[in-house]
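The values are calculated or read from the model by the stated rules, or taken from the named source; none is laboratory data. This structure is a prediction, so every number in the text was calculated from the model and none was measured. Cβ: placed from backbone, ideal geometry, glycine included. Neighbour counts: every protein chain shown.
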Amino acid sequence: MPRLSSVAPVPAAAVATEAPARRKGEPQPAERFALTVDKSPIDGLGVFAAEPIPARLKIGEMRGEIVPVREARRRIEGRRRIHVVEVTDKTAIDATKSDCALRHVNHSCAPNAVLRIRQGRAEFYAIRDIAPGEEICADYGESHHEGRLRCRCGAPNCKGRL
Ligand SMILES: [Zn+2]
């Protein structure tokens, strides 16, 4: 019996750009525009536009495991980087183990995108035209960090803390 070799993970960019034409009833892709995940000047990994994204359009959504809020809060305790969004009073999306590119959207005090919670989904929309190569950022407002983290977004109006 030959031993099974491990399967290399598919890069998020390849998933985003090679989405095949969908038939009616098939699930929407998580990303509506070509995105790349790369090292961010703000923090860790970030998401970058790989094509122009016009203002107001939906960029995509963050997908992951649906978990109870209480479980989600337990999981993020003490973590520096989190990929969890609470979408209702009772449920949260934990994208920690997801391959979804949009889980890497960093916070900025001068964001070019906004996170909207709609019908239990965590959706990102462009709030202005975004050029290829720009990092996609959203203002997460009051995060679970509760002001303990220094913000490194670099915006002139940076509030300084997360
Ligand atoms: Zn900032």
Positions within the range 65-93 being over 20 Å from LEU162 (Cα atoms) and of a type in the set (D, E, K, R), in sequence order: GLU65, ARG70, GLU71, ASP89, LYS90
All positions within the range 104-162 that are crowded, with 17+ Cβ neighbours inside 10 Å and aliphatic (A, V, I, L, M): VAL105, ALA113, LEU115, ALA122, ALA126, ILE130, ILE136, ALA138, LEU162
Filter pass, GLY147 being closer than 20 Å to PRO41 by Cβ and either more than 16 Å from the ligand (Cβ to nearest atom) or free of Cβ contacts under 8 Å to residues at least 24 places away in the same chain (or both): no
Residue satisfying condition, being within 16 Å of the ligand (Cβ to nearest atom) and farther than 14 Å from PHE124 by Cα, within set ASP43, ASP89, ASP38, ASP99: ASP43
Test for SER98: is it hydroxyl-bearing (Ser, Thr, Tyr), closer than 23 Å to PHE33 by Cβ, out of contact with any Cys (no Cβ under 7 Å at 6 or more places or on another chain) and surrounded by 14 or more Cβ atoms within 10 Å (Cβ to Cβ): yes
The range 107-123: number of residues that are of a type outside the set (Asp, Glu), in contact (Cβ under 8 Å) with a residue 12 or more places away in the chain and more than 16 Å from the ligand (Cβ to nearest atom): 4
Residue tally, condition in a strand (DSSP E or B), among the hydrophobic types (A, V, I, L, M, F, W, C) and over 16 Å from ARG103 (Cα atoms), over the range 52-77: 1
Per-region count, the range 124-144, residues more than 15 Å from the ligand (Cβ to nearest atom) and small (Gly, Ala, Ser): 3
Residue match in the range 70-81 (condition: under 18 Å from PHE48 (Cβ atoms), within 16 Å of the chain's Cα centre (by Cα) and not aliphatic (A, V, I, L, M)): yes
Among the candidates ARG103, ARG73, ARG56, residue that is more than 22 Å from GLU135 (Cα to Cα), in contact (Cβ under 8 Å) with a residue 40 or more places away in the chain and basic (Lys, Arg): ARG73
Out of ALA16, ALA92, ALA30, sole residue that is at pLDDT 95 or above, surrounded by 11 or more Cβ atoms within 10 Å (Cβ to Cβ) and touching a helix residue (DSSP H, G or I) at 6+ places or on another chain (Cβ under 8 Å): ALA92
Qualifying residues in the range 108-162 (those that are among the hydroxyl-bearing types (Ser, Thr, Tyr) and under 18 Å from GLU86 (Cα atoms)) - the one modelled with the highest pLDDT: TYR125
